[in-house]
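Written below as structure tokens is the structure these notes are about.
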Amino acid sequence: MQIPFLDMKTPYLELKEELDEAYQKVMESGWYVLGKEVEAFEQEFAQYCGVKYCIGVGNGLDALFLVLKAWGIGKGDEVIVPANTYIATWLAVTYTGAKVVPVEPDEHTYNIDPTKIEIAITKNTRVIIAVHLYGQPANMPAINDLAQRYNLKVLEDVAQAHGAKCYGNRVGALGDAAGVSMYPGKNLGALGDAGVITTNDDEIADKVRVLRNYGSRVKYHNEVVGHNSRLDEMQAALLRVKLRYLDVWNSRRVQVAKSYLNDLADNHGIILPYVPEWADPVWHLFVIRTKQRKELQKKLSDNGIGSLIHYPIPPHLSGAYDEYGWKKGDFYISEQLADEVLSLPIGPHMTNEQIDFIVEKMK
């Protein structure tokens with residue numbers, strides 16, 4: 001049996017008729033940038049998240065960066081980021097000229113630990129970025145409480161958690177704004193790069209709409225130094241189709257995760273994901289920990305089972321942040337996770353036979 005880590009073909013085949021129809025509709029319209037499909041998707045995704053505004057942009061990194069720029073974040077400012085995350089979260093801050101201030105994760109959830117954030121706050125801190133890693137929401141009430149006490153903004157990174165809930169409320173509506181990647185491998189993935197910003201803030205929504213389009217509301221009238229970061233009509237049309245199936249597909253992911261959690265519960269040598277009672281994750285990734293990762297990954301590979309490491313190098317040890325002078329041991333929990341985590345295949349189109357095969361080989 002061959003089980004890829006990520007199956008990109010089967011989702012298309014399930015929705016082939018609707019996706020092909022959406023493609024034809026855009027091609028026949030003759031309008032490919034910032035048109036009716038983008039407007040419709042923005043409205044539909046805003047409604048899905050429970051926010052007033054959704055603004056389509058080129059990708060998730062741009063979404064985070066444009067929110068920070070709209071808030072006026074720049075040189076001399078500090079932004080608190082999770083030490084354990086994909087580097088894009090950090091890059092968005094670096095692009096503004098601000099300083100990243102990493103905070104270690106909770107050892108159980110792997111998300112940023114609210115109890116460690118306060119000690120990292122200084123007079124220069126302006127924003128806390130909360131990443132909902134692997135599809136599990138961060139502890140937003142605790143993070144928002146800190147932000148309110150110190151008059152800080154909260155930016156959600158929802159790249160891996162479309163549809164997840166924290167205390168019954170969807171992510172993307174739990175901070176001052178959110179940046180959302182819709183890269184093809186995400187729970188709600190386009191067929192190319194795509195992203196959105198969600199917010200209830202009238203001013204921020206207006207600013208990022210201008211910033212994404214060369215700093216212009218009206219063609220050739222440029223109010224500010226803007227950027228070219230626009231969700232295109234084709235991706236919006238395809239995302240509109242897939243959005244209708246997001247909750248169904250997420251529920252399938254939940255069932256796969258439940259099978260793993262039940263069937264691997266007595267498997268010594270691995271640590272399974274921990275889910276707080278207030279969290280409803282959407283299982284973008286199913287991440288285990290083991291000190292025998294290299295051996296396990298080889299065993300899986302030898303049996304045709306794909307797996308990946310998210311992420312093998314913490315951002316603070318990457319060459320991109322050499323200037324900060326961080327060394328091994330500075331963020332011990334994140335480094336330990338980088339040495340031990342392994343992501344098993346998970347997706348809405350996995351079969352019971354595939355799950356049973358993976359469990360059997362792991363045992």
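The values are calculated or read from the model by the stated rules, or taken from the named source; none is laboratory data. This structure is a prediction, so every number in the text was calculated from the model and none was measured. Positions of Cβ are generated from backbone atoms using ideal geometry, with glycine treated the same way; all protein chains shown enter the neighbour counts. Accessible surface is based on the protein model in full, side chains and every heavy atom, while ligands, DNA and RNA are left aside. Shrake-Rupley method; radii C 1.70, N 1.55, O 1.52, S 1.80 Å.
Of 186/207; 16/242; 99/153, which ones are farther than 20 Å apart at the Cα? Cα-Cα > 20 Å for 186/207; rest within.
Using the Cβ-Cβ distance between residue 266 and residue 203 with R0 set to 45 Å, the FRET efficiency works out to roughly 0.25.
Compactness of the stretch 74-130 was expressed as the Cα radius of gyration divided by 2.2 N^0.38 Å, which yields 1.07. When the solvent-accessible area of the stretch 246-362 is split by element, carbon and sulfur atoms take up 49 percent of it, the probe being 1.4 Å. In the context of the full set of protein chains, residues of the stretch 246-362 present 49 Å² of accessible surface per residue (probe radius 1.4 Å, heavy atoms only). In the distance distribution for the chain, Cα-Cα pairs more than 34 Å apart total 27 percent.
Stokes-Einstein, applied to the Kirkwood radius of the stretch 61-105 over Cα pairs at a viscosity of 1.306 mPa s and 10 °C, places its translational diffusion at 154 µm² s⁻¹.
For the stretch 246-362, the tally of Lys pairs with Cα-Cα distances below 17 Å comes to 4, considering only residues 8 or more apart or on different chains. Only Cα sites of the stretch 91-161 enter the Debye sum here, all with the same form factor; the resulting log10 I(q)/I(0) across q = 0.15, 0.24 1/Å is -0.47, -1.21, listed in q order. All distinct Cα pairs of the stretch 246-362 go into the 1/r average, and the inverse of that average, the Kirkwood radius, is 15.7 Å.
With the whole protein complex present, residue 356 retains an accessible surface near 90 Å², based on a 1.4 Å probe.
Can you give the extra length, in nm with one decimal, that the chain gains between residue 274 and residue 2 once fully stretched, where that is 0.36 nm per residue apart less the Cα-Cα distance?
Details: separation 272, 0.36 × 272 = 97.92 nm, distance 2.82 nm.
Net length gain for the segment: 95.1 nm.
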